[in-house]
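The values are calculated or read from the model by the stated rules, or taken from the named source; none is laboratory data. Predicted, not measured: the structure shown is a model, and the values here were computed from it. Counting neighbours? That spans all protein chains shown, and the Cβs are built from the backbone with ideal geometry, glycine included. For accessibility, only protein heavy atoms count, side chains too; no ligands or nucleic acids. Shrake-Rupley method; radii C 1.70, N 1.55, O 1.52, S 1.80 Å.
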Amino acid sequence: MIQRTLALIKPDAVKSNYIGSIINIAEKSGLKVVALQMFHFTQKQARGFYAVHEGKHFFDGLLQYITESPLVAIVFEGEDAVTSWRNLMGATDPQKAAEGTIRKLYAESMTRNSVHGSDSVENAEIEINYVFGGRYINGLA
Ligand code: CMP
């Protein structure tokens, strides 16, 4: 089924000049960029985006990291986009990520893990709305 998912290219990957390489991996696999923006999360925005992780032991470090510099948000569209993108990302812990995955190639650690991907179609819709709001997305009014 054709789906949309929200991807983030996080601060570590942006700083290390991996934006193009990461988008290239997605495009080569058949995912299409239908919206894209670079921005800097405020503390408040980051707290809202990661609200499900509030209270977890890594939450403060996650907020510090995700707000340290600009990141890139992308809406990918394609066949089973949610799972396809998560497969391309690899496991959260880069040491456990499979060969050839984005995290195996580029991630620095469990927190500084280069990319994010929605974990379900429902959360993809919530996250896309959170980041892109009413702004234009290719194919949507
Ligand atoms: P992401 O897929 O964006 O969703 C939550 C983020 O929290 C995750 O990527 C990591 O950056 C971070 N994270 C998740 N689990 C841990 C953990 N056990 N230790 C440190 N950071 C984590």
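With contacts defined as alpha carbon pairs under 8 Å and 6 or more residues apart, what's the relative contact order of the chain in percent?
Numbers: 238 pairs, mean separation 53.7, N = 141.
Relative CO of the chain lands at 38 percent.
A simple packing score, the average count of other Cβ atoms within 10 Å per residue, orders the peptides 2-12, 40-50 as 2-12, 40-50, with the highest score first. Centre-to-centre, using Cα atoms only, segment 75-141 and segment 1-67 are separated by 7 Å. Ordering His116, Leu105, Ala81 by the projection of their Cα atoms onto the charge dipole of segment 47-130, which places +1 on the Cβ of Lys and Arg and -1 on the Cβ of Asp and Glu, puts Leu105 at the extreme positive end. Residues within the reach of a label modelled at His57 (point 7 angstrom out along Cα to beta-carbon, backbone nitrogen below 13 Å), restricted to segment 85-108: there are none.
Per DSSP H run of at least 4 residues, take -39500 (n - 2.57); add these up for the chain, divide by its residues and hand me the 222 nm value, nearest 500 deg cm²/dmol. Display every interim value, and only then the final one.
Details: 7 runs with 56 residues, N = 141.
Counting only the DSSP helices, I get -10500 deg cm²/dmol.
Full extension of the chain between Thr92 and Tyr130 yields a length gain of 11.5 nm, computed as 0.36 nm times the residue separation minus the alpha carbon distance.
Can you give the convex hull volume per residue for the Cα atoms of the chain, as a whole number of Å³? Numbers along the way, then the final one.
Working: hull volume 14.6 nm³, N = 141.
Enclosed volume per residue, from the Cα hull, is 103 Å³.
Counting only heavy atoms of the protein chains, get the accessible area per residue of the chain (1.4 Å probe) and round it to a whole Å² value. Walk me through the intermediate numbers first.
Details: 7430 Å² over 141 residues.
Averaged over the residues of the chain, the accessible area is 53 Å².
Tally up the carbon and sulfur contribution to the accessible surface of segment 11-104 as a whole percent, 1.4 Å probe, everything protein left in place. Please report the intermediate quantities before stating the final value.
Working: 2400 of 4890 Å².
Of the solvent-accessible surface of segment 11-104, carbon and sulfur hold 49 percent.
Placing +1 on each Lys and Arg Cβ and -1 on each Asp and Glu Cβ, with no other charges, gives the chain a dipole about its Cα centre of roughly 260 debye.
Placing +1 on each Lys and Arg Cβ and -1 on each Asp and Glu Cβ, with no other charges, gives segment 38-88 a dipole about its Cα centre of roughly 220 debye.
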